[in-house]
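Below you'll find the structure, written out as structure tokens, and then a few comments.
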Amino acid sequence: MEKNKLWNRDFITISLCHFFIFMTFYILAVTLPQFVLDELHESSKGIGLVITLFVITAVISRPLTGKWLEEKNRRSLLVISLILSTICSFAYAWTDSYKVLLLIRIIHGFAFGVVTTSTSAIVLDIIPEHRKGEGIGYFSLFMSLAMVIGPFAGLWVVAQANYSLLFYTVAIFTLLSLIFGMLAKFPNHTNLLTSGSSPVGFRRYMETKAIPISITGFFLAFSYGALSTFISVYAKSLGLAHSAKYFFVILALMILLSRPFTGRLFDRKGEHILAYPGMLLFIAGMIWLSQAYTAPVFLITAGLIGLGYGAIFPSFMTLAIKASPEQRRGIAMGTFLVFFDSGYGIGSYLLGVLAAMTSYRMMFLIGGLLMIVTLLVYYFFHHRRSNSH
């Protein structure tokens with residue numbers, strides 16, 4: 001009975017571990033740029049490096065983590081990376097130098113990549129096989145909750161107190177993540193070194209069967225990167241700065257509302273019933289956003305994009321896992337997240353360059369049109385391939 005139960009003790013504890021580590025990520029994402037300007041007196045150019053170094057080291061850590069998850073003790077890997085994250089979180093409070101901050105961001109990014117790849121792989125062993133789509137949908141819901149609460153919590157603490165209290169708050173959240181990570185029981189997992197089937201070369205770090213849907217995830221993240229990075233600047237340029245904070249609330253609320261039924265639909269009807277409507281909603285939302293002039297339209301587009309993203313992201317992640325052998329699911333998760341994070345980082349940068357050369361309207365329009373590429377990649381790399389097998 002316990003084996004078929006989704007909301008068991010282990011699922012909840014590992015999901016809360018995932019939630020609190022993402023709380024620290026989203027709090028720092030919105031507050032560190034201002035900290036660099038206000039407290040360290042760096043130029044606006046310095047802001048980009050603080051974010052970029054974190055993303056780069058997180059991406060580097062993911063394929064390594066996928067390999068370690070299959071070869072080493074999963075509990076030790078998660079706990080050590082959580083301890084390292086906690087130390088980094090406390091270190092922010094004592095940072096008074098830009099160079100020291102960059103060093104912390106490099107270490108913290110690597111630890112963050114290990115933690116989030118580990119929790120995402122470990123939860124797969126906890127979720128019952130016949131409820132994978134639903135389980136991954138709910139698991140990623142915890143990340144969506146952090147996306148709503150984190151920025152508000154971070155900005156509120158800075159407004160009411162100071163950066164020292166902010167960094168101690170971040171450290172407490174990371175400590176809670178460590179506690180929940182230690183409380184979780186880890187199901188038995190086939191170890192590649194003892195099974196005698198350890199792959200060699202490229203396949204030690206990447207799962208080739210997960211690459212087609214991971215490429216689709218890359219293009220999704222490419223468009224989404226522009227949204228999360230530039231929406232507040234775009235809102236200000238439209239004279240809608242007061243609406244910017246509500247954009248992500250509506251976006252995340254629609255993701256939250258979509259999760260209960262999208263996961264069940266995936267398990268019962270298959271991925272296509274979610275993927276195509278989800279991508280069409282995302283495309284419509286992004287293109288309409290590029291033409292927004294009023295607050296109601298601006299916020300309605302957040303709802304459309306949220307519904308679309310809420311259907312697409314967990315579906316793609318589940319497909320990457322289902323395409324892979326059971327003992328390679330940790331590596332498959334790492335593979336998917338490497339492509340997704342890379343798309344997010346590259347998309348934020350290149351679409352930002354496009355915005356500087358043209359306008360934010362053009363950037364969001366191109367972002368929406370690029371999602372048509374995502375739809376085509378999905379059809380040719382996954383849908384048609386799956387029908388031919």
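Any chance you could count how many residues in the range 29-43 are in a helix (DSSP H, G or I) and within 11 Å of Tyr163 (Cβ to Cβ)?
Just the residues of the range 29-43 that are in a helix (DSSP H, G or I), to begin with: 29-38.
Next, from what is left, pick out any that are within 11 Å of Tyr163 (Cβ to Cβ): 31-32, 34-36, 38.
Count: 6.
With respect to Arg62, is the statement that it is among the charged types (D, E, K, R), assigned by TED's automatic domain parsing to the domain that holds Leu178, within 15 Å of the chain's Cα centre (by Cα) and buried (at least 16 other Cβ atoms within 10 Å of the Cβ) true? Don't jump to the end; show me each part of the working.
Details: among the charged types (D, E, K, R): yes; assigned by TED's automatic domain parsing to the domain that holds Leu178: yes; within 15 Å of the chain's Cα centre (by Cα): yes; buried (at least 16 other Cβ atoms within 10 Å of the Cβ): yes.
In short, yes.
Quick check on Ala146: is it among the hydrophobic types (A, V, I, L, M, F, W, C) and more than 30 Å from Pro325 (Cβ to Cβ)?
Taking the combined requirement at face value, the residue satisfies it.
Among the numbered conditions (1) assigned to a loop (DSSP other than H, G, I, E, B); (2) closer than 14 Å to Cys17 by Cβ, tell me where Ala121 comes up short.
Looking at each condition in turn, Ala121 falls short on (1).
Looking at (1) buried (at least 19 other Cβ atoms within 10 Å of the Cβ); (2) more than 20 Å from the chain's Cα centre (by Cα); (3) of a type outside the set (Ser, Thr, Tyr), which one does Leu238 not meet, given that it meets all the others?
In the conditions (1) buried (at least 19 other Cβ atoms within 10 Å of the Cβ); (2) more than 20 Å from the chain's Cα centre (by Cα); (3) of a type outside the set (Ser, Thr, Tyr), Leu238 misses (1) alone.
Looking only at the range 254-262, decide whether some residue is assigned by TED's automatic domain parsing to the domain that holds Arg361 and over 21 Å from the mean Cα position of the chain (by Cα).
Taking the range 254-262 first, the residues assigned by TED's automatic domain parsing to the domain that holds Arg361 are 254-262.
Filter once more, so that each one left must be over 21 Å from the mean Cα position of the chain (by Cα): none.
There is no residue in the range 254-262 that is assigned by TED's automatic domain parsing to the domain that holds Arg361 and over 21 Å from the mean Cα position of the chain (by Cα).
Would you point out which residue out of Leu256, Leu265 is assigned to a helix (DSSP H, G or I), surrounded by fewer than 17 Cβ atoms within 10 Å (Cβ to Cβ) and among the aliphatic types (A, V, I, L, M)?
Only one candidate qualifies: Leu256.
What do you reckon, is Ser85 in a helix (DSSP H, G or I), under 24 Å from Leu165 (Cβ atoms) and out of contact with any Leu (no Cβ under 6 Å at 6 or more places or on another chain)?
yes
Quick check on this structure: which one of Phe364, Phe316, Phe339, Phe381 is assigned by TED's automatic domain parsing to the domain that holds Tyr276, more than 30 Å from Ile231 (Cα to Cα), part of a helix (DSSP H, G or I) and of a type in the set (A, V, I, L, M, F, W, C)?
That would be Phe381, the only listed residue that is assigned by TED's automatic domain parsing to the domain that holds Tyr276, more than 30 Å from Ile231 (Cα to Cα), part of a helix (DSSP H, G or I) and of a type in the set (A, V, I, L, M, F, W, C).
For every residue, the table says whether it meets (1) touching a Lys or Arg at 6+ places or on another chain (Cβ under 9 Å); (2) surrounded by 21 or more Cβ atoms within 10 Å (Cβ to Cβ).
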position: Ile106; (1), (2): no, no
position: Gly113; (1), (2): yes, yes
position: Ser118; (1), (2): yes, yes
position: Val123; (1), (2): no, yes
position: Gly133; (1), (2): yes, yes
position: Phe139; (1), (2): no, yes
position: Leu145; (1), (2): no, no
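Which of (1) closer than 24 Å to Leu257 by Cα; (2) crowded, with 17+ Cβ neighbours inside 10 Å does Leu351 not meet, given it meets every other one?
Here Leu351 meets the rest and fails (1).
The values are calculated or read from the model by the stated rules, or taken from the named source; none is laboratory data. This is a predicted model, so every value here is computed, not measured. Every residue, glycine among them, receives a Cβ derived from its backbone with ideal geometry; neighbour counts consider all protein chains shown.
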